[in-house]
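The structure appears below as structure tokens.
The values are calculated or read from the model by the stated rules, or taken from the named source; none is laboratory data. Remember, it's a predicted structure, so these values are computed and weren't measured experimentally. As a convention, Cβ positions derive from the backbone with ideal geometry for all residues, glycine included, and neighbour counts pool all protein chains shown. Surface accessibility is based on the protein's heavy atoms, side chains included, excluding ligands, DNA and RNA. Shrake-Rupley method; radii C 1.70, N 1.55, O 1.52, S 1.80 Å.
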Amino acid sequence: MGKGIETGARAMFNSKFAAIATTVGSAVGLGNIWRFPYEAGVHGGGAFIFCYLVFSFLIGVPCLVAEFAMGRSTRKNVLGAYQYLSSSKRQPWYIAGYFALLGAVLILGFYSVVAGWTIEYMTGSVESMFSGGLDEAELEEQFINLTNGWRPLVWTTIFCLCNYLILVRGVTKGIEKMSNILMPVLFLLLLIFLINSTMMDGFMDGVKFMFNPDFSAITPSVMLGALGQAFFSLSLGVGCMITYASYFSENTRLTRTAVTTMLLDSSVAILSGLIIFPAVFTYGMSAEAGPTLVFEVLPTIFSRMAGGTIWSLLFFTLLFVASVTSTVSISEIIIAYLTENRKMSRVKATTVCCAITYVLAIVCTLSLGPGKNLTIAGMSIFDLFDYIASNILMPLGGMICSFFVGWVMDKKLLRQQLSEGSRHNIWVTPLVFMLKYICPTAIFLIFLDSTGII
Ligand code: PHE
């Protein structure tokens, strides 16, 4: 693994594998296993998944490459990269950097709450809460009890503390080595659950729900939701990949890393759907349950599996690890900015970042329990943070980034970043074309469409 991000001086991942492992570690998280199935469920299944896959490939991959190129060519944080690359232009591109930082803070706020639930469910598994065939109503009630009162505050606090301890020690020392081993284990576990789900009565109904899209159901809000999900899942639009790529070595191949990340990330999301939806149909649950979906459906599955306690403990522990590798990457956006632009020490920057996150996480936690009645635009603060970050800041951040890299960034520098080592990369011209014309326009149109302006 690399020399570490922890020193404050610019470190570097010294192997190509490390670059892919950290990028995938950031991308694969609650976004795939928790957010993807519930968003797909709310937006009617197949049509949403179809759009999500198309956007991940056609818009996600070029945007990943764009962020990588910005990060590696400047070796700076998100704000610093915009400042540096536009310095000769006297144009205020750096403002995009501030929006990225805002997006990162908002995501950390609600993400920490859900990550807290994974700890609750880990301990719940040990207490054998999910074994012995509880019925759906009981499991739903259990979820409400677990997440409603003051209890989740404890879990959110524990999660934020874990995040802090890892970040303050440095990212590469323990967490990455751990995630290199545990991420493949998570994948394996999902495959085992998939086998289990193929034996369910509702398996084919679940598959049909996911892969038999009703194209007439593709509405503007489905498209925006799918675009937001693709960005969220690929950690795009908030400068995360700019920050991580600033630690890539010169011989990391950007296009290949982007495609690998996208393929692994979407596979985990699809696997997660193939586990959740068959169970939803088998046990007559509602696919439209929203953010609580996975936390109600999975225990239902576990409680009916032989050795359910062990499976659920294993699963929620791995989900917790996947969440930490993602929150670490989101926090790193802010910490890199604070250490480089604000000249803070690593420890101080980490403390400031985690303190802000903690306050927001507490607000989000309470907004689902005691503060449930406070809604803004019909959404709880938790949902509002998610909506602003995922459906507004991330797509717009991606639009600005692709436009910036396509039109403003020095062409020679960009081509040099995209040519993979000394090899000729045949994808350079199509990628630049996508970044210049297709990505910004497509994102802009989807965005306008969903606001009802066009
Ligand atoms: N991609 C992560 C997930 O799927 C979340 C994330 C968003 C991470 C933005 C970094 C930046 O869980």
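Based on what the data block shows, is TYR98 hydroxyl-bearing (Ser, Thr, Tyr), more than 15 Å from the ligand (Cβ to nearest atom), surrounded by fewer than 20 Cβ atoms within 10 Å (Cβ to Cβ) and assigned to a helix (DSSP H, G or I)? When the stated conditions are applied, TYR98 passes them. Restricting the first member to segment 24-53 and to residues that are open to solvent by less than 10 Å² (accessible area, probe 1.4 Å), and the second to residues that are of a type in the set (Ser, Thr, Tyr) and in a loop (DSSP other than H, G, I, E, B), the beta-carbon pairs closer than 9 Å and six or more apart or on different chains are SER26/SER235; ALA27/SER235; GLY29/SER235; GLY31/SER235; GLY41/SER286; ALA47/THR219. Scoring VAL105 on the criteria (1) within 16 Å of the ligand (Cβ to nearest atom); (2) among the aliphatic types (A, V, I, L, M); (3) at pLDDT below 95 leaves a single failure, condition (3).
Per the listing LEU293, LEU236, the residue uniquely within 16 Å of the ligand (Cβ to nearest atom), surrounded by 22 or more Cβ atoms within 10 Å (Cβ to Cβ) and assigned to a loop (DSSP other than H, G, I, E, B) is LEU236.
Please go through segment 264-284 and pick out each residue that is more than 16 Å from the ligand (Cβ to nearest atom), more than 16 Å from GLY44 (Cβ to Cβ) and either crowded, with 23+ Cβ neighbours inside 10 Å or not aromatic (Phe, Trp, Tyr) (or both).
Of everything in segment 264-284, those that are more than 16 Å from the ligand (Cβ to nearest atom), more than 16 Å from GLY44 (Cβ to Cβ) and either crowded, with 23+ Cβ neighbours inside 10 Å or not aromatic (Phe, Trp, Tyr) (or both) turn out to be LEU274, ILE275, PRO278, ALA279, THR282, GLY284.
Looking only at residues in segment 391-414 that are β-branched (Val, Ile, Thr) and closer than 17 Å to TYR84 by Cα, the one that is most open to solvent (accessible area, probe 1.4 Å) is ILE400. Selection of segment 56-70 for residues being over 16 Å from GLY406 (Cβ atoms) and either buried (at least 24 other Cβ atoms within 10 Å of the Cβ) or in contact with a strand residue (DSSP E or B) (Cβ under 9 Å, 6 or more places away or on another chain) (or both) yields only SER56.
Scanning segment 364-390 for residues that are surrounded by 14 or more Cβ atoms within 10 Å (Cβ to Cβ), over 15 Å from TRP155 (Cβ atoms) and touching a residue at least 40 places away in the same chain (Cβ under 8 Å) gives ASP383, PHE385, ASP386, ILE388, ALA389, SER390.
Can you tell me which residue among SER86, SER112 is in contact (Cβ under 8 Å) with a residue 12 or more places away in the chain and within 13 Å of the ligand (Cβ to nearest atom)? Sole residue among the options that is in contact (Cβ under 8 Å) with a residue 12 or more places away in the chain and within 13 Å of the ligand (Cβ to nearest atom): SER112. What residue, among those in segment 415-427 that are open to solvent by less than 60 Å² (accessible area, probe 1.4 Å) and at pLDDT 90 or above, is farthest from PHE57 (Cα to Cα)? Looking at residues that are open to solvent by less than 60 Å² (accessible area, probe 1.4 Å) and at pLDDT 90 or above, I get GLN417. Within segment 322-359, the set of residues being away from the ligand (no atom under 15 Å from the Cβ), in a helix (DSSP H, G or I) and crowded, with 18+ Cβ neighbours inside 10 Å comprises LEU338, THR339, GLU340, ARG346, ALA349, THR350, CYS354, TYR358. Being within 16 Å of the ligand (Cβ to nearest atom), at pLDDT 95 or above and either among the small types (Gly, Ala, Ser) or assigned to a helix (DSSP H, G or I) (or both) is a property that TYR38 lacks. Going by what's in this entry, would GLY228 be described as within 24 Å of THR22 (Cα to Cα), assigned to a loop (DSSP other than H, G, I, E, B) and within 16 Å of the ligand (Cβ to nearest atom)? No; evaluated as a whole, the condition is false for this residue. Taking first residues from segment 314-337 that are free of Cβ contacts under 8 Å to residues at least 12 places away in the same chain and partners that are near the ligand (Cβ under 9 Å from one of its atoms) and among the β-branched types (Val, Ile, Thr), no Cβ contact under 8 Å between residues at least 6 apart in sequence or on separate chains turns up.
Taking segment 297-313 as the range and being open to solvent by 10 Å² or more (accessible area, probe 1.4 Å), farther than 19 Å from GLY273 by Cα and not hydroxyl-bearing (Ser, Thr, Tyr) as the test, the residues that pass are ALA306, GLY307, ILE310, LEU313. Within the set PRO213, PRO220, the sole residue that is more than 16 Å from the ligand (Cβ to nearest atom), open to solvent by 30 Å² or more (accessible area, probe 1.4 Å) and either modelled with pLDDT of 95 or more or under 26 Å from PHE110 (Cα atoms) (or both) turns out to be PRO220.
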